[in-house]
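Only one structure is covered here, and it is reproduced in the block below.
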Amino acid sequence: MKYVAAIAALMLAACGAAPVAGPAAEAEGASVSPAAAQAPARSTLTGEKPIIIAHRGASGLFPEHTIPGYEAAIAQGADFIEPDLVMTKDGVLIARHDAYLSDTTNVADHPEFANRKVKRATPMGEKEDWWADDFTLAEIKMLKARQQFPMRTKEHDGKLDILTFDEVMDVALAAAKEGRIVGLHIEAKWPEYYSSVGLDMVDPIIEGIKAKGLEEAGIPVFIQSFEPPFLAAFAEKSDLPTIQNMVGPPYNKMLGLEYNLDEMTTTGVGAEKTYILNADGTTTDFVERAHANGLLVHVYTVRDDVVLPGYENAQAELTALIKAGVDGIWVDYPDTAVAVRDGN
Ligand code: G3P
Ligand code: CA
């Protein structure tokens, strides 16, 4: 259960929701480029402009993984929308970031599910919550989404459905029918855990994509995970490009996770942004080294309302990342990122 540790780290860290102190140079053996802030802009791996990935949809504006959140991201110019996937008791892929439900749904308001709140052991300790794989899809559909960030609007809470993977793909397909191609950046969450309880994620994702005809519709797809064994298993069965997500500092070291860019076999990496951004406004040589290994660098997560120490605002983070040559950026506010990327 080695990679389940990463799950717990992300539960704890809320995936970079809070600024993480400490120099990026400590991460992954990176060395600092002292004059990086003044250095000339580096190119992306392909020379194309970096893609803007709507992190769980336009999740700054709507509860994450909801139809209006994804549609807003598309309207704002995102190149990709990102469904995180977990599984229900009856083996259906649903768009949720967490294995548990309390942070982003109104499950706590459902008395009929009160007795489903149970303790589970995690590598970071015991957690008492409602767990997606204790619910059938029909039960999940009784819930509504909620915004988990306290500083963001709650006006949509309790109104929006929890989506299946199929329903997220339908959003992209509907856009494609209108001539607007938006890609899907799909993350399998906790595949090792689901596999341990008999719920495989590899085949349902592959079969779901095929059944929906994403390739025929011209919809680009990335498959991402924090768990290398899942990505390796996926690559055995599919040629879709894969992204190895990397737990950011300090949690990578706390968990004993080692990432060696020289040995990665994926199409690219999904790096927490402090692998690249230093607290003094300089950048590391991470992108340069990843590119030297032929790896795309996608970076998470830039938020208008949570900014790293040393950066005035999200625009400053975006500018530094783009200047460093990253190939893609997960963002909670796609309009901000598209404007910076396109020089508007
Ligand atoms: O998947 C990478 C990016 O989405 C950030 O991670 O934990 O928010 O899914 P997370
Ligand atoms: Ca994700």
Inset, instruction - Would you work out the relative contact order for segment 45-180, in percent, from Cα pairs under 8 angstrom that are 6 or more residues apart? - result: 26
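Please rank GLU71, GLU317, GLU48, fewest neighbouring Cβ atoms within 10 Å first, as an exposure proxy. Walk me through the numbers before you get to the answer.
On the way: GLU71 18, GLU317 26, GLU48 9.
Starting with the residue having the fewest Cβ neighbours, the order is GLU48, GLU71, GLU317.
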Legend entry - Distance (nanometres) between label positions extended 7 Å along Cα→Cβ at LYS127 and GLU216: 3.9
Inset, instruction - For segment 268-344 and segment 66-132, compute the distance between their C-alpha centroids and round to whole Å. - result: 26
Inset, instruction - Would you calculate the separation in nanometres between label points at ILE206 and MET151, each defined as 7 Å from the Cα along the Cα-to-beta-carbon direction? - result: 4.3
Inset, instruction - Specify the angular offset, from 0 to 90 degrees and rounded to the nearest 10, of the alpha carbon long axis of helix 202-212 from the longest principal axis of the alpha carbons in the chain. - result: 90
Legend entry - Spatial extent of segment 144-205: Rg and Dmax, with the Cα atoms as the point set, Å: 15.5, 41
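Within 10 Å of each candidate Cβ there may be at most 15 other Cβ atoms; applying that plus a DSSP loop requirement, which GluC sites (Glu not before Pro) in segment 232-310 survive?
Values: sites: GLU236, GLU258, GLU263, GLU272, GLU288; in loops: GLU258.
Counting only loop positions with at most 15 other Cβ atoms within 10 Å, the GluC sites (Glu not before Pro) in segment 232-310 are GLU258.
Rg(Cα) of segment 34-141 divided by 2.2 N^0.38 Å? Each step should come with its number before you reach the end.
Values: Rg = 18.9 Å, N = 108, 2.2 N^0.38 = 13.0 Å.
Here the Cα radius of gyration is 1.45 times the empirical estimate.
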Inset, instruction - Give me the aspartates and glutamates in straight-line cross-link reach of LYS89: C-alpha distance below 12 Å, same-chain residues under 8 apart excluded. - result: ASP133, ASP134, GLU139, ASP200
Legend entry - Taking the chain and dividing mean pair separation by its residue count, relative contact order in percent (alpha carbons under 8 Å, at least six apart): 26
Legend entry - For segment 139-177 and segment 185-256, distance of Cα centres in Å: 21
Legend entry - Derived scalar couplings ³J(HN,Hα) [segment 284-290; Karplus, 6.51 cos²θ - 1.76 cosθ + 1.60; whole Hz; x for Gly, Pro]: 8, 9, 4, 5, 4, 6, 5
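Which percentage, to the nearest 5, of the DSSP beta bridges contained in the chain is antiparallel?
Working: 15 of 44 bridges.
Taking every DSSP beta bridge with both residues in the chain, the antiparallel ones total about 35 percent.
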Inset, instruction - Take the chain, compute every pairwise Cα distance, and split them into 10 Å bins from 0; I just need the percent in each bin. - result: 6, 27, 37, 24, 6, 0
Inset, instruction - Would you mind calculating the gained length between ALA41 and ALA232 on full extension (0.36 nm times residue separation, minus the Cα-Cα distance), in nm to one decimal? - result: 65.4 nm
Inset, instruction - With just the Cα atoms of segment 130-259, tell me how far they stretch along each of the three principal axes, in Å, largest first. - result: 42, 40, 30
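Quick check on the chain: helices-only [θ] at 222 nm, where DSSP H runs of length 4 and up contribute -39,500 (n - 2.57) each and the sum goes over total residues. Nearest 500, please. Walk me through the numbers on the way to the answer.
Details: 11 runs with 93 residues, N = 344.
One gets -7500 deg cm²/dmol as the mean residue ellipticity at 222 nm.
Rounded to the nearest whole Å³, what is the per residue volume of the convex hull around the Cα atoms of segment 250-310? Let's see the in-between values first.
On the way: hull volume 5.9 nm³, N = 61.
Per residue, the Cα convex hull of segment 250-310 comes to 96 Å³.
Read the figures in this text as sums done on the coordinates, not as results from a lab. Since the structure is predicted, the reported quantities are computational estimates derived from the model, not experimental observations. Heads up, the Cβs are rebuilt from the backbone with ideal geometry, glycines too, and the neighbour counts pull from every protein chain shown.
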